[in-house]
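In what follows, a single structure is set out as structure tokens and then discussed.
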Amino acid sequence: MARYQILKKGDPVLRREAKPVREVNKNIKTLMANMAETMYHANGVGLAAPQVGISKRVIVVDIGDGLLSLANPVIVNFEGKQNGPEGCLSVPGVVGNVVRADKIVMTALNENGDEVIINAEGFKARALQHELDHLNGVLFVDKATEIETEQRV
Ligand code: ZN
């Protein structure tokens with residue numbers, strides 16, 4: 001496995017709409033594994049392929065309850081609202097409040113290429129919505145209010 005460099009806000013890849021994965025083949029599995037390693041190393045809870053310069057619809061999320069490696073994620077149902085703080089590995093040192101759906105249902109392909117349905121709520125729903133935004137070229141700072149920049153020494 002290998003780690004990628006995480007691109008920062010300002011890089012054009014982060015603003016591109018990512019391309020669907022045609023098939024979860026060996027390359028996509030390797031991408032997922034390396035993205036997970038990159039996310040864990042950066043102490044993140046989620047990472048999208050555009051953040052490592054690869055414009056494909058692949059995300060990894062682990063909020064502490066197990067790793068999700070997903071291709072072509074689509075949110076098929078939104079319910080309720082939550083407003084809470086968010087940050088991003090591509091926008092270091094910045095936090096802001098973002099309104100998200102409280103509960104979502106997501107369909108995707110897992111690392112074996114099987115179709116999966118994920119029911120998520122609270123922070124996990126937030127993380128999945130944040131990562132899906134990355135696939136559409138959207139950063140949380142586009143939606144956030146009360147943005148604060150932490151002092152970085
Ligand atoms: Zn992010």
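No lab work stands behind these numbers, since they all come straight from the coordinates. This is a predicted model, so every value here is computed, not measured. Every residue, glycine as well, gets a Cβ built from its backbone with ideal geometry; the counts of neighbours run over all protein chains shown.
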Requested in this report: Determine which member of the set 140, 123 is of a type in the set (Phe, Trp, Tyr), touching a residue at least 40 places away in the same chain (Cβ under 8 Å) and away from the ligand (no atom under 11 Å from the Cβ).
Outcome: 123
Query raised in the report: What about residue 86, is it charged (D, E, K, R) and away from the ligand (no atom under 11 Å from the Cβ)?
Result: no
Query raised in the report: crowded, with 17+ Cβ neighbours inside 10 Å, of a type in the set (A, V, I, L, M) and not in a loop (DSSP other than H, G, I, E, B) - does that describe any residue in segment 137-147?
Result: yes
Report summary line: The one condition residue 100 fails out of (1) under 26 Å from residue 5 (Cα atoms); (2) within 16 Å of the ligand (Cβ to nearest atom) is (1)
Query - Single condition residue 68 does not satisfy, out of (1) under 27 Å from residue 22 (Cα atoms); (2) more than 16 Å from the ligand (Cβ to nearest atom) - result: (2)
Query raised in the report: Taking the condition more than 13 Å from the ligand (Cβ to nearest atom), under 14 Å from residue 133 (Cβ atoms) and touching a strand residue (DSSP E or B) at 6+ places or on another chain (Cβ under 7 Å), does residue 75 pass?
Result: yes
**Report entry** Which numbered condition residue 51 fails, given (1) in contact with an Asp or Glu (Cβ under 7 Å, 6 or more places away or on another chain); (2) within 11 Å of the ligand (Cβ to nearest atom)
**Finding:** (1)
Report summary line: Taking segment 36-48 and keeping only residues that are part of a loop (DSSP other than H, G, I, E, B), within 12 Å of the ligand (Cβ to nearest atom) and of a type outside the set (Val, Ile, Thr), one is left with 42, 44
Query raised in the report: Can you spot a residue in segment 27-35 that is part of a loop (DSSP other than H, G, I, E, B), of a type outside the set (Lys, Arg), touching a residue at least 24 places away in the same chain (Cβ under 8 Å) and farther than 22 Å from residue 141 by Cβ?
Result: no
